[in-house]
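For reference, the structure discussed in these notes is given below.
Rule-based calculations on the coordinates, nothing more; no lab input. None of the values given here were measured: they were computed from a predicted structure. Here the Cβ positions follow ideal geometry from the backbone for every residue, glycine too, while neighbour counts run over all protein chains shown.
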Amino acid sequence: MSHSLSARARRVGIHAAVMVAAVFLCGGCQKTEKARGATGLEAKTLKLGHALPGGDHPYQQGAEKFAQIVAEKTGGRYKVQVFNSGQLGGERDMVEGLKIGTIDLAIAASAIAGAVANERSVFLLDVPYLFKDYDAITRVAEGDIGREMAKNWPKAGFRNMAYFIAGFHQLDNSKKPIRTPNDLKGLKIRAIPSKSSQLMIEALGPSAVPMPFPEVYTGISQGIVDGFANSMTTIYTAKYYEVAPYISITNHLVGMLNLLMSEKAYQELSPADRMVFDDAAAEAARFERNIYKEQDEKFLPLLREKAKVNTDVDVAAFQTRVDGYVPKFVELVGEPGAQELMARLVKEGRGGR
């Protein structure tokens, strides 16, 4: 009898142990399932970096939109993790990272991507007063010109997925309001570290100082540069008005960027998934560009409360000065067909102005 009880006790003990183990294993399985897509396969995580703040900044919102669409349309098999504020390096660092495969996706200035790819036609996008309005940006970004400019980038190890923007740019400095090109004489204005960006700044009038974006706030506060050019959205959300309180509404440039993807990572996708990523990029880019359009109106009154905003800008004087620099941009590109491409850009961007 005691032997029978002992055997039964052992069976009960074993059963209890199995149940406890099952509880732990089930909990572990639930955690694993959270990292798996609808197909049961473990999600593959891709890293996407950009240089601007997180939160409500359009770069971040556009990147998150892309990540959301990719996750939804792949059934959770792909997860895009967004790193903001230069966590993965400056824009050139990130583009170089795409080439060697240390990151998968990045948002970077078109001029930087073109320089790294040694395909310089994209430099023409830095000609000031090229775009009449947001509709003109879309015509160029989603049309033949936009595709032609980036068609050879995959040979350099990365590809253009879509054109993001940094909005219409204004001049922001620590010294004085800007009304004419003469007001910029003697000022040092930050330029993206690319020859076309430096030429763009010089076309407006000041001295250009190449500087990675993450260094700009400190550079202005320490007097290394007197100011920079960017959208009202960036000036407000990143609080550049704290170190550069003079904001002149010049609308001289639309900062053109690209959502880039490592060619290695892209080729590892199935043909069906490539279509998902392509479509997600196009939709996220339209979403991001529209945010800037809405926020131009939102942030102007908010900046008036924080800084000294000048709307009395002699745009005609700036345009006249810039037009004299257009041949220099064509010469800088130095590729066959650059002159013709410039003419097409002016027609599409300025609407025949």
Straight-line reach check, residue 44, cutoff 18 Å on alpha carbons, 8 or more apart in-chain or any other chain, hits among lysines -> 31, 34, 65, 73, 79, 264
When the chain is modelled as a GNM with alpha-carbon springs shorter than 10 Å, which of 131, 299, 123 fluctuates the most?
-> 299
Taking Cα atoms, the helix 271-306 axis meets the longest principal axis of the chain at an angle in degrees (rounded to 10) of 60 degrees
Along the dipole axis of the chain (charges at Cβ: +1 for Lys and Arg, -1 for Asp and Glu; origin at the Cα centre), the most positive-end residue among 320, 208, 193 is 193
Compute the acute angle (0 to 90°) between the alpha-carbon long axis of helix 195-204 and the principal axis of greatest extent of the alpha-carbon atoms of the chain; round to the nearest 10°.
-> 40 degrees
Pairs of Cα atoms under 8 Å, at least six residues apart: use those to get the relative contact order of the chain, whole percent.
-> 23 percent
How much length is gained if the chain between residue 274 and residue 118 is pulled fully straight, taking 0.36 nm per residue apart and subtracting their Cα-Cα distance, in nm to one decimal?
-> 53.7 nm
If one builds a Gaussian network model of the chain from Cα atoms under 10 Å apart, the most fluctuating residue listed among 77, 304, 190 is 304
Taking N as its residue count, the alpha carbon Rg of the range 206-269 over 2.2 N^0.38 Å | 1.47
Which residues in the range 103-133 place their backbone N less than 19 Å from a point set 7 Å from the Cα of residue 290 along the Cα-to-Cβ direction?
-> 133
Would you calculate, for the chain, the mean residue ellipticity at 222 nm contributed by helices, counting each DSSP H stretch of 4 or more residues as -39,500 (n - 2.57) and dividing by all residues, to the nearest 500?
-> -15500 deg cm²/dmol
Roughly what % of DSSP beta bridges within the range 40-350 run antiparallel, to the nearest 5?
-> 55 percent
Magnitude of the Cβ-charge dipole of the range 40-350, K/R +1 and D/E -1, about the Cα centre, nearest 20 debye?
-> 340 debye
So how tilted is helix 338-350 from the main axis of the chain? Cα-based, degrees 0 to 90, rounded to 10.
-> 80 degrees
Read-out volume of the Cα convex hull per residue in Å³, derived from the coordinates shown; its label in (i) 114; (ii) 166; (iii) 157 | (ii)
Net charge contributed by nearby residues that have their C-beta within less than 13 Å of residue 109 (K/R +1, D/E -1) | 0
Take every Cα pair under 8 Å in the range 61-163 that's 6+ residues apart, average their separations, divide by the length, and report that relative contact order as a whole percent.
-> 19 percent
Quickly work out the residue 267-to-residue 79 label distance, labels modelled 7 Å from Cα along the C-beta direction, and quote it in nm with one decimal.
-> 2.8 nm
Residues of type aspartates and glutamates that residue 308 reaches as a straight line, Cα spacing below 15 Å, ignoring anything fewer than 8 places off in the same chain = 172, 242
Check each of the chymotrypsin sites (Phe, Trp or Tyr not before Pro) in the range 197-264 and keep only those in coil by DSSP with at most 13 other C-beta atoms within 10 angstrom; list them in order.
-> none
Counting only the backbone N, which residues of the range 145-167 are under 13 Å from the spot 7 Å out from the Cα of residue 99 toward its beta-carbon?
-> 153-159
Distance violations [Cα-Cα > 18 Å] among 132/298; 99/151; 132/188 = 132/298; 132/188
Which of 94, 342, 261 moves the most in a Gaussian network model of the chain with Cα springs under 10 Å?
-> 342
Given +1 on the Cβ of Lys and Arg, -1 on the Cβ of Asp and Glu, and no further charges, what dipole in debye does the range 47-147 carry about its Cα centre, rounded to the nearest 20?
-> 280 debye
